[in-house]
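K.L.:
What follows is a structure written as structure tokens; I'll ask about it next.
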Amino acid sequence: MIQATPILASSSPLTEVIPGLMIWTVVFFLLTFWILKRFAFGTIQTMIDTRREQIARSIEQAEQARDEATRLLDEHRALLVEARGQAEEILEDARKVAESQRERLRGELETDRARRLAETERQIASETERALGQIKNEIAELALITTTKVTGKLLTAEDHRRLIDSAVEELDFSVLEENRN
């Protein structure tokens, strides 16, 4: 086997301690640090602070926008609830109006039907009276003709009137009245 020999720190030129090189490295480091601190760190810190403020403002604006969006959403939901309530009220009012119109039309139809029925009953009664009057006149004429033929003589106007009245009294018009009702 091959034996590995450890590499010592002193064997590499990069790991050798050289005091002059160390002093110059520290000097250049301090010089570079001072130049960066003098010219770059302030500007970089200002840019970092500005960016931090912008981020903070953006976060604050985002929170405000979120709060505003939440508020608007709540308002929108409230308006939807209100609109639904109003729609239900409108529908209920429409139902009430339709029902009242339906009842009004029923009442008008009932009134019209009752009026027409009364008018028809009045017309029937009038026609019945007229028909009874015609029947009385025809009976009176038949009675007059029959009496003239039976007695064979001419009757006076007073005889005619007496015969007509007695014939009409003997007729039973109550049967016609019962049939009418």
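The values are calculated or read from the model by the stated rules, or taken from the named source; none is laboratory data. It should be emphasised that the depicted structure is a prediction, and the values quoted were computed from it without experimental measurement. With ideal geometry, Cβ positions are generated from the backbone for all residues, glycine too; neighbour counts draw on all protein chains shown.
K.L.:
Among the numbered criteria (1) of a type in the set (Asp, Glu); (2) at pLDDT below 95; (3) assigned to a helix (DSSP H, G or I), which single criterion is violated by residue 63?
P.N.:
Checking residue 63 against (1) of a type in the set (Asp, Glu); (2) at pLDDT below 95; (3) assigned to a helix (DSSP H, G or I), the one that fails is (2).
K.L.:
Are there any pairs with C-beta distances below 6 angstrom linking a residue in the range 153-173 that is surrounded by 12 or more Cβ atoms within 10 Å (Cβ to Cβ) and at pLDDT below 75 to a residue that is assigned to a helix (DSSP H, G or I) and β-branched (Val, Ile, Thr), with the two at least 6 apart or on different chains, and if so which?
P.N.:
Final answer for the pair search is 163/147; 167/139.
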